[in-house]
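One structure is given below, encoded as structure tokens.
The values are calculated or read from the model by the stated rules, or taken from the named source; none is laboratory data. Bear in mind the structure is a predicted one, so any value in this text is a computation, not a measurement. FYI the Cβ positions are ideal-geometry reconstructions off the backbone, even for glycines, and counts take in every protein chain you see.
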Amino acid sequence: MLAKRKMQLKELSEKVDISVVNLSILKTGKGKAIRFSTLEALCKVLECQPGDILEYVEDKIVDL
């Protein structure tokens, strides 16, 4: 969505008031949770729906 909106992570960070580090964690899929207020702010700024920026990936269970 950032590329579609021709927006840099830093600009999104300023508009949503979230640190670039935290947005980077979300962008790379390393985040484990997101607040609804954060999701709402991202969707508002990016003019999109949650499904446009979220993807469900089933956790893999590792046998020890």
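Of the residues making up region 5-23, at least one is surrounded by 12 or more Cβ atoms within 10 Å (Cβ to Cβ), of a type in the set (A, V, I, L, M, F, W, C) and free of Cβ contacts under 8 Å to residues at least 12 places away in the same chain. For region 19-40, a tally of residues being within 10 Å of the chain's Cα centre (by Cα) and assigned to a helix (DSSP H, G or I) returns 8.
Taking only region 41-64 into account, find how many residues are of a type outside the set (D, E, K, R) and either farther than 14 Å from residue 1 by Cβ or assigned to a loop (DSSP other than H, G, I, E, B) (or both). I'd like the intermediate steps shown before the answer.
Going residue by residue through region 41-64, those that are of a type outside the set (D, E, K, R) are 41-43, 45-46, 48-51, 53-54, 56-57, 61-62, 64.
Those left that are additionally either farther than 14 Å from residue 1 by Cβ or assigned to a loop (DSSP other than H, G, I, E, B) (or both): 48-49, 54, 56-57, 61-62, 64.
So the count comes out to 8.
Selection of region 1-18 for residues being more than 12 Å from the chain's Cα centre (by Cα) and in a loop (DSSP other than H, G, I, E, B) yields 3, 4, 5, 6, 7, 8, 17. Among the residues making up region 1-53, a single one is modelled with pLDDT of 95 or more, in contact with a Cys (Cβ under 9 Å, 6 or more places away or on another chain) and of a type in the set (A, V, I, L, M, F, W, C): 42. Condition (residue is without any contact (Cβ under 8 Å) to a residue 12 or more places away in the chain, among the small types (Gly, Ala, Ser) and loosely packed, with under 10 Cβ neighbours inside 10 Å) applied to region 30-42: is it met by at least one residue? Within region 30-42 (the criterion being without any contact (Cβ under 8 Å) to a residue 12 or more places away in the chain, among the small types (Gly, Ala, Ser) and loosely packed, with under 10 Cβ neighbours inside 10 Å), the answer is yes, since at least one residue qualifies.
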